[in-house]
Every structure is written in structure tokens, then in C-alpha cells.
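Every read-out reported here was derived from the displayed coordinates using simple, explicitly stated rules and does not represent laboratory data. Quick caveat, the model's predicted, so the values are computed rather than measured. All Cβ positions, even for glycine, are placed from backbone atoms using ideal geometry, and neighbour counts span all protein chains on display.
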Amino acid sequence: MAFTVRDFESLVRLLDRHPEWLEALRQRLLTRELLHAPETLRAIEGTLRTLGETVAALAEAQRRHYEEFIAHRQEFLADRAEADRRLAALQAEVAAARAEADRRFAELAEAQRRTEGRVTRLEEAVAALTEAQRRTEERLEQLAEAQRRTEEQVRALAEAQQRLEGRVTRLEEAVAALTEAQRRTEERLEQLAEAQRRTEEQVRMLTQTVRTLIQDVADLKDHDLERRYVERAAAYFGGPDFRKVRPLSPTEVLEALERALDAGEISRQAFVDAQQADGVIRGQREGRTLHVVLEASWVVDREDVERAVRRAEILGKVLGEAWPGVAGKRLTEGAQERIQQLREQGRPIVVVQDGRVEWPE
């Protein structure tokens, strides 16, 4: 069934009576989540200021926020496509109504032309048929009445066309307002995207800061552990089987290394490596002088064990008998496996874990 002028007028009257429908359309385009997006961002900033909570929780909240943003943006694009489709359909209906009005006006013009032809023929009949003058005048009166009605119809049609054009103008204004609202919405989306980028950059910077702090704390723990075992060597390592315990000062170790280097007993590379030992503990074990070359770390790993063995071998050439030793809060599986391998090979190693010293059997 074709869409007529009457249908269009009914549609316009319906929109005039219910202007809140336009507001409902705006509410669908600007969803509640987008309207509350600034509050969400403020919540994120509050979370960033309280970094004392875990960085993992912040990253997870950020990921959820990003997924919600993508979902709302897709929903908005779908709503916008639906609005464009409805607008195109309405414009097509208006064009059809205009075409129908033009067709009816053309029919009216054709009727007018035919009427004028009939008037001409009547005038010719008056000249030819004087006897039919009365009937002709009556017919002319009827024709005049028909002409009046025709003019009234034309006038009514013109008024209807004018009202239609006014409504089309208001519709175009509404479309322009909707387009402006769309532009503002897109600007807001761009602002949200920029805020998202800044938030991600802040998270990245905070993550890097936390990593740096973790590394700094680990270094401080290692340094404090090394200082504690060296300064209190007698308390930790001294006992019935290891007596007269004292730590060698860095100067004593350095002078011994210099003498060995000058004598050609060690290489420059070995000199630099042994110089970096965390500590050297000297004492008497079973009547002979023994040195424990210590590597201290909060978490002892396989590399710490290898360094202790390598440096003990170098310092054994310089100071006399030297055993490798490792000290820490706990040992990794790799460190434990390497220590077990050394013991199975019959090579001594001293293990200090959380203050407890374990001597080789």
C-alpha cells in the first residue's frame, strides 16, 4: 500500500504530540554507560592514587574498562546505523508524498484545461444557437460553480503543500540538531579515547616504577644480608669445629690478590672475579686454616652457587684452602640441585639458609 499525504500528516501529527520520542532517541544514542564515563575515569584515577593496592588489580580493572568502552562504542555505531536507515526511509516517504501531490496538481491542471475547452465550445454554441441561450447560461452558471469549487480545491491543495513544506522544514531542522548531537557524541568518544591512552601510559609508568622499586628492594636485601653475615661472621660460623673466626677485610683480600697477580699465579680476569666475592671468612678447622668464600643473596640460585665455587677456587690459590659458601633466605631448586651435585662429587660447600649453617660432612 502506497504512503499517502494523509499518512504523512498523521505521522507528523504523531511526532508533534509526542516530542519525547526524540529524547528517547537521544537516550538510546547516548547510553547510560557513556553518560557515566567521566565518573568511571575519576574512579580509575582514584585507583591510581592508591597504588598501595596491587598493580595486578589495577591492570584487570583497566582491561574491563577497555572492553566495556569497545562494547558501548559498537552499540552506539549500531544505533546510529539504525537511525540513518529510518531517516532515509522517512525522506523517501516525503519524496513520494511530494510526487503524489505533483501528480494530483497536474490532473487538476488538465481538468482546468478541459474546462476552458468546454467554455470555448459553449461560447461558439451561444453564437450558433440563440434559442439555447437560457440553457447555455444555466450551464455557464454550473460551470462557474464548478470553477469556484476547483479554485477552492487548488487553494486547499496549495495550503496543504505549504503546511507540508513547513513540516519538512521542521524535520530538516530536527535532522540538523540530531547531526550536531552526533558530532558532540563523537567528540566525547575521542576525549574518552585520549583519556584511555593517558591512563594506559600512567599504568605503564607506574608498572615500571614498581619494577624498579622491587629491584631496589632486592638489592637492599642482598646488601643487608651480605653485611650481616660478614660483620657477624663469628656468631654465624663460629663453633667447636670452626674456631678463631673473623672476616677478612676487602683490603686484605685485595693485597693477597695483587701479590698473586704479580707472581703470575692468577690472571687479570680471575683477579677481577675474586675481588667481587661478597665476603671471605677465615677460621681454624681441625687444626688447619680454612677460608669460606661467601656469596650472599636473599634468594640463592644456581648462578650464586657457581660464582661461589669459581671464586673459592681462585682464592684457594691465593689464601690457602678455601671452601665455597652460599647464604640466603631460601634456595631455588636449581641451587639445591647444584649443591647436591657438588656433594655427590665429594666437593665441600657451606650452606647458610635463614641463619642456619650447614657444614659438609
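In nanometres, what is the gap between the two model label sites at Ala96 and Asp79, each 7 Å from Cα along Cα-to-Cβ?
Placing both labels 7 Å beyond Cα along the Cβ direction yields 2.8 nm.
Please work out how much length the chain gains when fully extended from Gln284 to Asp16, using 0.36 nm per residue of separation minus the C-alpha to C-alpha distance, in nm with one decimal.
Here the segment from Gln284 to Asp16 would lengthen by 86.0 nm.
Report the Cα-based extents of segment 215-361 along its three principal axes, largest first, to the nearest Å.
Per principal axis, max minus min of the Cα coordinates gives 39, 38, 31 Å.
Along each of the three principal axes of the Cα atoms of segment 220-293, give the extent in whole Å, ordering the values from largest to smallest.
Result for segment 220-293: principal-axis Cα extents of 37, 37, 15 Å.
Tell me the label-point distance for the pair Leu140, Ile70, using the 7 Å Cα-to-Cβ offset, in nm and rounded to one decimal.
8.6 nm
So how far apart, in nm, are the two label points at Thr130 and Arg183 if each is 7 Å from Cα heading toward Cβ?
7.9 nm
Can you tell me the order of 319-329, 232-242 when each peptide is scored by its average per-residue count of other Cβ atoms within 10 angstrom, highest first?
319-329, 232-242
If you count, for each residue, the other Cβ atoms within 10 Å and average over each peptide, how do 283-296, 65-78 line up from highest to lowest?
Taking the mean over residues of other Cβ atoms within 10 Å, the ranking is 283-296, 65-78.
Working out 0.36 nm times the residue gap between Leu171 and Ala109, then minus their Cα-Cα distance, what length gain in nm do you get to one decimal? Show your work: numbers first, answer last.
Details: separation 62, 0.36 × 62 = 22.32 nm, distance 2.97 nm.
That works out to 19.3 nm of additional length.
Going highest first, how would you order 298-309, 171-182 by mean Cβ packing within 10 Å?
Descending packing order for the listed peptides: 298-309, 171-182.
Report the calculated FRET efficiency for Ala88 and Gln162 (r = Cβ-Cβ distance, R0 = 35 Å), to the nearest 0.05. Walk me through the intermediate numbers first.
Working: r = 25 Å, r/R0 = 0.72.
Given R0 = 35 Å and the Cβ-Cβ separation, E is 0.90.
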